[in-house]
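The structure appears right after this line, and notes come after that.
Every read-out reported here was derived from the displayed coordinates using simple, explicitly stated rules and does not represent laboratory data. None of the values given here were measured: they were computed from a predicted structure. Virtual Cβ from ideal backbone geometry, glycine too; neighbours counted across all protein chains shown.
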Amino acid sequence: MRRALILLGILMAFSLCLQDSPEEPSSDMSTDVTKESQILVVHFHRINQCTCCINVGKWAEETIKEFFPGEFESETIRYLDVCVEENPELASKYDAYGASLYINIVKEGTDHINENAEVWQYCFDHDRYISLLKTVLDDALQQL
């Protein structure tokens, strides 16, 4: 039952993404992995984003900066905002074709990439989104 609700939430979020929104400026950072061990939070999106897609990226970056400032400054946790049309190579590496959020735990230079689809359930609930992603990142740090 829980999986069905998650799937329904994801489908609803993606259906909202079919509508075009004004283009947001991209805050793409370098996508080169600079450390042997780090966490990459990668928000993929299309050129035109819906409100839900914008929130997923904006709140991911907010969570990292607010709850993991030391890790952000040292680049132990990095946030990447990636337009799939503008960076098809990275999108291909992650198997991302549209709006998505991936957590890549890089250990000893090896990628451990996982999509976090659960965030889409909370793309209009700031506090629950932040709580969920904070927990995910706490767990990821334990794996480094």
Q.
Conditions first: (1) charged (D, E, K, R); (2) in contact (Cβ under 8 Å) with a residue 40 or more places away in the chain; (3) on the phi < 0 side of the Ramachandran plot. ARG128 passes all but one, so which condition is the exception?
A. (2)
**Q.** So TYR94, is it touching a His at 6+ places or on another chain (Cβ under 9 Å) and aromatic (Phe, Trp, Tyr)
**A.** no
Q: Residue by residue through the range 122-138, note down the ones that are charged (D, E, K, R) and not in a helix (DSSP H, G or I).
A: ASP125
(Q) When the residues of the range 42-76 are narrowed to those that are hydrophobic (A, V, I, L, M, F, W, C) and touching a Phe, Trp or Tyr at 6+ places or on another chain (Cβ under 8 Å), which ends up surrounded by the fewest Cβ atoms within 10 Å (Cβ to Cβ)? (A) PHE72
Q: Answer yes or no: is there a residue in the range 83-98 that is assigned to a strand (DSSP E or B) and acidic (Asp, Glu).
A: no
Q | Condition check for VAL119: buried (at least 18 other Cβ atoms within 10 Å of the Cβ), assigned to a strand (DSSP E or B) and of a type in the set (A, V, I, L, M) | A | no
Q. Would you call GLU85 out of contact with any Ser or Thr (no Cβ under 8 Å at 6 or more places or on another chain) and under 15 Å from VAL41 (Cβ atoms)?
A. no
